Amino acid sequence: MDTEQSLLRYLTGLGFSTSAIVFQPRFGPEGKTLDYRPDIALIDPASGDLLAILEVKLKRDRKTLCVAANQLGSYLAALGDPAVRAFVAVPSKSGEGFAFFELREDGEPQEVSASRPLSPASLSGERLAAKKAQLKATKEKTTDRFAAVCRVTAASLLLLGVLDWVFSLSGVELLTNNRMLILGAVVGLVLVPYLSKIKILGVEIERMKERSSSW
């Protein structure tokens, strides 16, 4: 508890408000009874976004750091949010304050440079950038799917047009007015959800840009 209180004072000294620091938050994979409790969670008070999770250790030897890294890896997997960062907090070599090791993509802990200390602005800015990148990727994927659906729809309509012309030579009307109305409604039901999603994603991306420009 003394270590956690010391870390609390250290984090507030770095600019984190007490409302942004949550001790032992509980969360777990959706649909499962198993829950996880990292030592500390850092929250963005303005948006409520989870910025980072921390494990606090009294030693900084390789074994201790690996154990903490495995814990953090399990927490991140349960969260399922790649924008959340993970750190191991240990007493600094000088005995004053703390040092932080960030969990890399390969699962290895890497010490954070003293020239780039943790700060609310840096974590929030990187969280915002990560979310914007995710939205852009989702928008591009949705746009690609929409383009594919449009091509298939166009090909299907062309085929129907050709068949209607062929049948008309025999005096058979394939595409009546009622059938054309139904066909138009079906095409609309297929395409409109994609258009709506692309529009919503575009609005979200613009909102992220506005937030990032305020940093």
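The values are calculated or read from the model by the stated rules, or taken from the named source; none is laboratory data. The model shown is predicted, which means the values in this text are computed figures rather than measured ones. So basically every Cβ, Gly included, is an ideal-geometry build from the backbone, and we count neighbours across all protein chains shown. Accessible surface is based on the protein model in full, side chains and every heavy atom, while ligands, DNA and RNA are left aside. Shrake-Rupley method; radii C 1.70, N 1.55, O 1.52, S 1.80 Å.
A few comments on the model shown:
- Protein heavy-atom surface of the range 1-138, 1.4 angstrom probe: 51% of the accessible area is carbon and sulfur, with nucleic acids and ligands not counted.
- Trypsin sites (Lys or Arg not before Pro) lying in DSSP loop within the range 14-104, provided at most 15 other Cβ fall within 10 Å: 26, 32, 59, 93, 104
- Qualifying GluC sites (Glu not before Pro) in the range 30-112, where qualification requires a DSSP coil assignment and no more than 11 other C-beta atoms within 10 Å, comprise 30, 96, 105.
- Calculated FRET value between residue 5 and residue 133, using beta carbons and R₀ = 45 Å, to 0.05: 0.80
- R0 of 30 Å, Cβ-Cβ distance residue 59-residue 18: FRET efficiency to nearest 0.05: 0.65
- With R₀ set to 22 Å, the beta-carbon distance separating residue 108 from residue 77 gives a calculated FRET efficiency near 0.90.
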